[in-house]
Amino acid sequence: MNSSKSPGLAGFGILKNTTCHTEKKISVFFSIIFMTVGILSNSLAIVILMKAYQRFRQKSKASFLLLASGLVVTDLFGHLINGAIAVFVYASDKDWIRFNQSNILCSVFGICMVFFGLCPLLLGSVMAVERCIGVTKPIFHSTKMTSKHVKMMLTMVCLFAVLIALLPILRFRAYQIQASRTWCFYKTEHVEDWEDRFYLLLFSCLGLLALAISFLCNAVTGITLLRVKFKSQQRQGRSHHFEMIIQLLAIMCVSCICWSPFLVTMARIGISESRSKETCETILFALRMATWNQILDPWVYILLRKAVLKNLYKITRGCCGVPIVNLHMLELSSIKNSLKVAAISESPVSARQINLHPLNSAGQ
């Protein structure tokens, strides 16, 4: 009986002598703004993805669109569910003892925080691997990376994130109300048990590993695209790949800047036992930084496209006083053209066919 009641009161001990206080008006303002902007951005991205998927049904394009759709839908539900719970907590004056007697809301909040935090990072790494394979091995990508395989990868990533989120519940460890009394997560106050440390280190290590994989794969993809760019300049004149390279740089910068503070802070808490007021404020700042990643994801992956880059190119050249030359010669190449150039340059069959054309024309 004592063990069955302890989870319900697990997070309430921190409410007595909390050392972290937040301004209610400012916190509510941040929560409402983050939730609203995130929902609108991801909803717009979903609409654009649906239209793009109806227009482009090629295998090379479909895999990217499916993964991007999974990422955007995850971010949308993350803002919707976590934002709604956070606003409810602020509206209830953070009185957890009144509305969370059985600790159900805190458990749901903690599960959602872990799942919607870890799943986008894993999906981002999967997208980076998919793009790396699509650019470096286009023939293998076109034959093996089918829509069925991509859907299976999406399902496996989501199930893995769900398992990590449910792991404390399966081990009869309740999620804890944090010192600011505004959200729930793994135990971060006076961490002494090895299992509590394991959860913090598991979450941070998985997140940092996903960022490292994304960085490595995007670097390989960028280098490959630069090599293809120089080859295409010799063969096809003006064929640039700025669109893909800029997207890769934006993805790496946004993910690393937004998620690194939170992941490093969780790892540091899991390793050391020290806790202070500055640590609580650092966690809140790092949490808001991580939230911005889910807001910027649709703009980086979906909305930062050729049309936007072309307008920025015009504005930049106009501000610098450089006359705008023929944009058809400097038009940014799409992902489809990049994959075509890579396939032609790496396919021996294509080279053999090119060499046979003069013989056929001579025979005729």
* **Area accessible to solvent at Y53, 1.4 Å probe radius, in Å²** => 70 Å²
* Structure fact -> Karplus ³J(HN,Hα) for the stretch 90-104 (6.51 cos²θ - 1.76 cosθ + 1.60, θ = phi - 60°; Hz, whole; x = Gly/Pro) runs 5, 5, 8, 6, 6, 8, 5, 5, 7, 10, 9, 4, 8, 6, 5
* For the stretch 23-316, which whole-number percentage of the solvent-accessible area (1.4 Å probe, protein heavy atoms only) is attributable to carbon and sulfur atoms? -> 70 percent
* Structure fact -> Averaged per residue, the 1.4 Å probe accessible area of the stretch 23-316, protein heavy atoms only, in Å², is roughly 48 Å²
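Placing unit charges on C-beta atoms (Lys and Arg positive, Asp and Glu negative, everything else neutral), compute the dipole magnitude of the stretch 26-164 about its Cα centre in debye, rounded to 20. Spell out each step's value before the answer.
Working: 12 positive and 4 negative charges, 178 e Å.
Its charge dipole is roughly 860 debye.
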* Asked: Once phi is turned into θ = phi - 60°, what whole-Hz ³J(HN,Hα) does the Karplus curve with 6.51, -1.76 and 1.60 give for every residue of the stretch 128-142, x standing for Gly and Pro?
  -> 5, 5, 4, 5, 5, 5, x, 8, 7, 10, x, 5, 4, 5, 6
* **Check: the stretch 23-316 dipole with +1 on Lys, Arg Cβ and -1 on Asp, Glu Cβ, in debye** => 1800 debye
* Structure fact -> Pairs over 22 Å Cα to Cα, from K229/K310; K151/K310; K51/K231; K148/K231; K94/K187; K137/K229, come to K151/K310; K51/K231; K148/K231
* Report P(r) for the stretch 23-316: all Cα-Cα distances, bin width 5 Å, range 0 to the bin holding the largest distance, values in whole percent. => 1, 5, 11, 15, 18, 16, 12, 9, 6, 4, 2, 1, 0, 0, 0
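Set the Förster radius R0 to 45 Å, insert the Cβ-Cβ distance between I48 and K231 as r into 1/(1 + (r/R0)^6), and round the FRET efficiency to 0.05.
Numbers: r = 31 Å, r/R0 = 0.69.
Taking R0 as 45 Å, the efficiency between I48 and K231 is 0.90.
Could you sort 69-81, 161-173 so that the peptide with the highest average Cβ count within 10 Å comes first and the rest follow in order?
Working: 69-81: 21.5, 161-173: 15.6.
Sorting 69-81, 161-173 by mean packing, highest first, produces 69-81, 161-173.
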* Quick one: which residues, 5+ away or cross-chain, put their amide H under 5 Å from the amide H of F185? H built at 1.01 Å from N. => Q176, Q178
* In sequence order, what are the phi-derived ³J(HN,Hα) couplings for the stretch 166-172 according to the Karplus relation 6.51 cos²θ - 1.76 cosθ + 1.60 with θ = phi - 60°, rounded to whole Hz, with x for glycine and proline? -> 8, 4, x, 5, 5, 8, 6
* **Sequence ranges 141-153, 106-118, ranked by mean other-Cβ count within 10 angstrom, highest first** => 106-118, 141-153
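The values are calculated or read from the model by the stated rules, or taken from the named source; none is laboratory data. Keep in mind that what you see is a predicted model, and the values were worked out from it rather than measured. Note that each Cβ is placed from the backbone with ideal geometry, even for glycine, and that neighbours are counted across all protein chains shown. The protein model used for the area step is the full one, side chains on, heavy atoms only, and it has no ligands, DNA or RNA in it. Shrake-Rupley method; radii C 1.70, N 1.55, O 1.52, S 1.80 Å.
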